[in-house]
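Q: Before we start, here is the structure in question, set down as structure tokens.
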Amino acid sequence: MVILKGKRVFGGIAVGKIRFFSRRERPVKRLHITDTQGEGRRFEAARQEGIRQLEQLYEQAAQDVGEANAAIFEVHRLMMEDQDYRDSVTHMIISQEVNAEFAVAAAADTFAAIFSSMEDDAYMQGRAADVKDISERLLELLDGGAKRQEESKEPVIIGADDLAPSETLRLDPDLVLGFATIYGSANSHTAILARTMNIPAVIGLGEKFSREYDGHMAVLDGFEGQVYIDPTPELLEEMKKRQEENRRRRQLLARLKGKENITLDGRRIQVYANIGHLSDLGAAIQNDAQGIGLFRSEFLYLESRDFPDEEQQFQIYRKAAEGMGGKKVIIRTLDIGADKTVPYFRLKKEENPAMGLRAIRICLTRTEIFRTQLRALYRASAFGNLSVMFPMITSVGEIRRIKEIIGRVQEELRAEGLPFREDMELGIMIETPAAAVISGSLAKEVDFFSIGTNDLTQYTLAVDRQNASLESFYDPYHPAVLRLIRMTAEQAHAHGIWCGICGELGGDLRLTELFLAMGIDELSVSPALILDLREKIRRTDVGRDREKILAKYKDLLYDGEERGEKPSRR
Ligand code: PEP
Ligand code: MG
């Protein structure tokens, strides 16, 4: 048995085989081939098999997720059948006497470059990713038909060096028992996705965790941040017992469903869910979320190959609003940039992307993208209790510019006779120190604040949240961060608006009583944490203990140097 230690991201125990994630990019060697006719036939056989697979995938997906969502396999099949594509690969094999793999990869590069250069045709630009995708399928078939990740039907523990948010989203959650990665940061969006998807995860296992373990049995302990490869029968038994205990605790917590999030002294707290996708709505409802406190709408863009149009977005926001049956659903406008990159946005490479053109800055410079999203949001507002919030705000001026654009969008909708809610609540995320410091001025402009502690920590401490080697410096318990949170809550209340937390710290049970003592009104967390939080809230007496609680955390709030051991993160 091999024991590897990493960082915990989300508790839970997974038992199953490890399957290493295969990335679509792979180095391809150029080989000199003398039997070019034979090589051509090898390519043709792979192509025919690829077409057959895509037909099957289409049929299956059409049944499972409907024809519209399955259409991508149809597009891929048509591309693979395309005569120009076929001729270009075969011609290269014969004229340059190269191996089929090299010709397939070269053709993919050529076609992708042609598609990408069609600047005024967004649809064709989106096809660049598709041509890469079909070429990867062919490379796998030429490589002996290695099974593609998403087609494996056996649930597995996904192993990877690291996963990008877009790669994580491509995995079928029903087939993922856990995530285990060599690198990665606990504050990254991939880690957040693992929590949202309720999947046990351990990251940063180091290079001892390698592809040689592909196919091996393993136990992933998300509570302790350990992975056991080829576990002994004794360990397997012990872990299954712990899995059962965990299941029982979840059952006990389930008794809290339908109960209020109310403190012993009668203060009601809103406990909402963070989601990234419409399909997370089920987990939010199952865990009895009182609403959605953060719908990361950018995942919609991350999953698309082109800008999602107004109608597509409208349908999704409308379904979210309707799905929550009148409960509040707060949609955050697009927060692209930094680690969430989308090729079709064609953003310039930046030295410092976390401080670059991202989130609201993109929306305010490329207003056509923003306008489409706002139109979809306002149209959806007629179908439920929708609110909108804006990420990465740093100034009052930004909010005024947002409101001007909203004013124009509302005029358009009125002129078109489309119904919408004039008074939809508008909020902002407080995730820059600038916003926290001027929260008094910002509070006069909006209906609510939601504190994004992930970025607030990153920008307050000037520590890249993505950089795993800086993790010991990334300290959300730092007094500077906690004081900014307290200041923001006080300013919100002084101006009569509510204040919540939607960053990961909001689900940190070690700090719940402190947040309640600070007067935080809402906590929005991964669906799986809602009932734990409810239990904690129902045991807290803020009225009686407020001063005691604040005194208990005095060191954290005022005196970073002298505090003892920092509370351990879950
Ligand atoms: C945050 O920054 O705390 C937040 C909730 O937004 P994200 O993690 O998506 O950047
Ligand atoms: Mg953020």
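Q: Where nothing but the Cβ of Lys and Arg (+1) and of Asp and Glu (-1) is charged, how large is the charge dipole of the chain around its Cα centre, in debye to the nearest 20? List each step's numbers first, then the result.
A: On the way: 79 positive and 91 negative charges, 400 e Å.
Roughly 1920 debye for the chain.
Q: Continuing with this model, one more query. By how many nm would the segment from residue 361 to residue 242 grow when fully extended, if each residue of separation counts as 0.36 nm and the alpha-carbon distance is taken off?
A: My answer for the length gained is 38.2 nm.
Q: Residue 422 versus residue 96, label points 7 Å from Cα toward the beta carbon: distance in nm?
A: If labels sit at residue 422 and residue 96, their model points lie 6.4 nm apart.
Q: Can you list the lysines whose alpha carbon is less than 20 Å from that of residue 5, not counting same-chain residues fewer than 8 positions off?
A: Cα-Cα hits under 20 Å: 17, 208, 240.
Q: Does anyone have the angle between helix 542-552 and the longest principal axis of the chain? Alpha-carbon axes, 0 to 90°, nearest 10?
A: Compared with the principal axis, the helix lies near 70 degrees.
Q: Quote to one decimal, in nm, the extra length available between residue 249 and residue 74 on full extension: 0.36 nm per residue of separation minus the C-alpha distance between them.
A: Full extension of this stretch gives 58.5 nm more.
Q: Aspartates and glutamates near residue 241 by alpha-carbon distance under 19 Å, same-chain residues fewer than 8 away left out - which ones?
A: Result set, ordered by chain and number: 221, 224, 230.
Q: Which of rounded, prolate or oblate describes segment 335-463 when judged by the alpha-carbon gyration tensor and an a/c cut-off of 1.5? Don't skip to the end; give the middle numbers.
A: Numbers: a/c = 2.21, a/b = 1.39, b/c = 1.59.
In terms of gyration-tensor shape, oblate.
Q: From the Cα trace of the chain, what convex hull volume per residue do you get, rounded to a whole Å³?
A: Values: hull volume 95.2 nm³, N = 570.
It is 167 Å³ per residue.
Q: Another question, then. Treating cross-link reach as a plain straight distance, find the lysines whose alpha-carbon is under 23 Å from the alpha-carbon of residue 348, omitting any fewer than eight places away in the same chain.
A: Hits, sequence-local ones excluded: 132, 340.
Q: Could you give the angle, 0 to 90 degrees to the nearest 10, between helix 396-415's Cα long axis and the longest principal axis of the Cα atoms of the chain?
A: The two axes meet at around 70 degrees.
Q: Let me know the volume per residue of the alpha-carbon convex hull for segment 36-142, in Å³.
A: On the way: hull volume 9.1 nm³, N = 107.
So the per-residue hull volume is 85 Å³.
Q: Something else now. Nearest 0.05, what FRET efficiency do residue 546 and residue 441 give at R0 = 22 Å with Cβ-Cβ as r? It would help to have the intermediate numbers written out before the result.
A: Working: r = 27 Å, r/R0 = 1.24.
Approximately 0.20, to the nearest 0.05.
Q: Quick check on the chain: helices-only [θ] at 222 nm, where DSSP H runs of length 4 and up contribute -39,500 (n - 2.57) each and the sum goes over total residues. Nearest 500, please.
A: -14500 deg cm²/dmol
Q: Report, to the nearest 10°, how far helix 100-116 tilts away from the longest principal axis of the Cα atoms in the chain, using its own Cα long axis and a range of 0 to 90°.
A: 50 degrees
Q: Along the charge dipole of segment 257-557, pointing to its positive end and built from +1/-1 on Cβ of Lys, Arg, Asp and Glu, which listed residue (537, 450, 370) has its Cα farthest out?
A: Of 537, 450, 370, it is 537.
Q: Report, in debye and to the nearest 20, how large the dipole of segment 36-142 comes out about its Cα centre when Lys and Arg carry +1 and Asp and Glu carry -1 on their Cβ. Intermediate results must be reported in sequence, preceding the final value.
A: On the way: 9 positive and 22 negative charges, 65 e Å.
Dipole size: approximately 320 debye.
Q: How high is the FRET efficiency between residue 49 and residue 403 when r is their beta carbon distance and R₀ equals 41 Å, given to the nearest 0.05?
A: Working: r = 56 Å, r/R0 = 1.36.
Once the sixth-power term is evaluated, E becomes 0.15.
Q: Quick one: accessible area per residue over segment 257-557, 1.4 Å probe, rounded to a whole number of Å²? It would help to have the intermediate numbers written out before the result.
A: On the way: 11350 Å² over 301 residues.
Roughly 38 Å² per residue, with all protein chains present.
Q: Grab the beta carbon distance between residue 304 and residue 487, set R0 = 41 Å, and tell me the FRET efficiency rounded to 0.05.
A: Details: r = 38 Å, r/R0 = 0.93.
Rounded to the nearest 0.05, the efficiency is 0.60.
Q: In vacuo Debye scattering of segment 133-251, one point per C-alpha: log10 I(q)/I(0) at q = 0.10, 0.11, 0.23 Å⁻¹?
A: Each listed q corresponds, in turn, to -0.34, -0.41, -1.49.
Q: Got a number for carbon plus sulfur as a percent of the chain's accessible area, 1.4 Å probe? Intermediate values should be presented prior to the final figure.
A: Details: 12550 of 25040 Å².
Taking all protein chains in place, the chain shows 50 percent carbon and sulfur surface.
Q: Among 302, 491, 341, which residue has its Cα furthest toward the positive end of the charge dipole of segment 257-557, with +1 on Lys/Arg Cβ and -1 on Asp/Glu Cβ?
A: 491
Q: Here's another thing I want to ask about it. Can you give the extra length, in nm with one decimal, that the chain gains between residue 235 and residue 354 once fully stretched, where that is 0.36 nm per residue apart less the Cα-Cα distance? Walk me through the numbers on the way to the answer.
A: Details: separation 119, 0.36 × 119 = 42.84 nm, distance 4.24 nm.
Separation in residues times 0.36 nm, less the Cα-Cα distance, equals 38.6 nm.
Q: Modelling each spin label as a point 7 Å along the Cα-to-Cβ direction, I'd like the residue 110/residue 257 distance in nm, to one decimal.
A: Computed distance between label sites residue 110 and residue 257 equals 5.8 nm.
The values are calculated or read from the model by the stated rules, or taken from the named source; none is laboratory data. The model shown is predicted, which means the values in this text are computed figures rather than measured ones. Note that we place each Cβ from the backbone using ideal geometry, even for glycine, and neighbour counts take in every protein chain shown. Side chains included, ligands, DNA and RNA excluded: accessible areas come from the protein's heavy atoms. Shrake-Rupley method; radii C 1.70, N 1.55, O 1.52, S 1.80 Å.
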